[in-house]
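First up is the structure itself, then whatever we jot down about it.
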Amino acid sequence: MLTIGAFARASRLSAKALRLYDELELLRPARVDPHSGYRYYAVEQLERARLVAWLRRLGMPLARIREVCALGPADAAREIRAYWSRVEAETAQRRDLAAFLVDHLLDEPRKDTTMLQLRYCAHSDRGRVRPANQDTAYAGTRLLAVADGFGPAGAPASSAAVEALRFLDGEELPAGDVLNVLEDAVRGATEAVRDATEGSDDNGTTLTALLWTGSRLALVHIGDSRVYLLRDQALFRITHDHTVVQSLIDEGRLTPEEATAHPQRSLLLKALGTAAPDLRLQDASPGDRYLLCSDGLPAVLPDARIRQLLAAGTPDVAVQALVDAANEAGGPDNVSCVVADVVRADA
């Protein structure tokens, strides 16, 4: 038997990591002293421990490592290959965004000067269970937004947040300063929500919006509404939920499948006015289709079904299909969708 310290040195895992993996039932000690609680490991466990260490160095989440370690060598290799393919695809997207930001900061001209515009549709629905609709959805020439209110004054809160951004729809945006403009507008939206809810902590709203500049999109996001990108028939989620459940997934304490039935799946960690929102630029290409939605949609429809419905028809057809599908799945929550296509101006 090896002490936890000796096992940590041999496996190149810290004692702290070994205690966490024990708690997660990823790597249980061979024996635990009943009096001192001290952990002991068998030499035969080193191979699994090293595999865990290597997979962590790859950046694989703990929940997925647990799945890989439960497989035979051939299936485990297949899962690792699939994971790394996805990492490479996501890295390629970030590489393209980084290249765009470098060009933008150096004020280098864009190679593609094609004029682009948005074609869009928005719809918000009460669903089949909730007595009122606390969502607000908006789509315009420049601004796309979804807000999901909560508390007794949730509807006025979401409406106030979106209304405070609507002036951006008719504004000429200064080149290179769009994120600052959007950040200032969000501060105004925060004040508008406080006024609408009389400063009550029991009321508030999420806010997710895209601001179109003519060649790219500026994103602001806080809460659990989402933005999806459909590009070349592949669906990408480009926002990160600010929820308790998502934090547990990030820590490897919960799988995405387990999250769908978690009793705290709707509990927010952030909402408008409680923390700084996510802000970033999103490059756009002709043929891109964006979906902004409140959590009432992904709560009942898996990503594969969302991709299928989003890919069909014009924006108005896709919006109606998504809302109808959410209601057919029980409609337990309000559901709001905004769909926008990036098209050539001469199309």
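Before moving on, here are some points about what is shown:
- Considering Ala192, Ala196, Ala261, Ala209, the condition of being without any contact (Cβ under 8 Å) to a residue 40 or more places away in the chain and not in a loop (DSSP other than H, G, I, E, B) is satisfied by Ala192 alone.
- Conditions (1) touching a residue at least 40 places away in the same chain (Cβ under 8 Å); (2) under 21 Å from His123 (Cα atoms); (3) under 18 Å from the mean Cα position of the chain (by Cα); (4) in a loop (DSSP other than H, G, I, E, B): number failed by Ile306: (4)
- Residue match in segment 324-335 (condition: of a type in the set (D, E, K, R), in a helix (DSSP H, G or I), under 16 Å from the mean Cα position of the chain (by Cα) and surrounded by fewer than 21 Cβ atoms within 10 Å (Cβ to Cβ)): no
- All told, Val193 meets the bar of being more than 22 Å from Arg237 (Cα to Cα), of a type in the set (Val, Ile, Thr) and either in the same structural domain as Ile238 (by TED's automatic domain parsing) or within 20 Å of the chain's Cα centre (by Cα) (or both).
- Arg253 being part of a loop (DSSP other than H, G, I, E, B), touching a residue at least 12 places away in the same chain (Cβ under 8 Å), within 20 Å of Asp303 (Cβ to Cβ) and assigned by TED's automatic domain parsing to the domain that holds Val181: no
The values are calculated or read from the model by the stated rules, or taken from the named source; none is laboratory data. Just so it is clear, the structure is predicted and the values come from calculations on it, not from any experiment. Note that each Cβ is placed from the backbone with ideal geometry, even for glycine, and that neighbours are counted across all protein chains shown.
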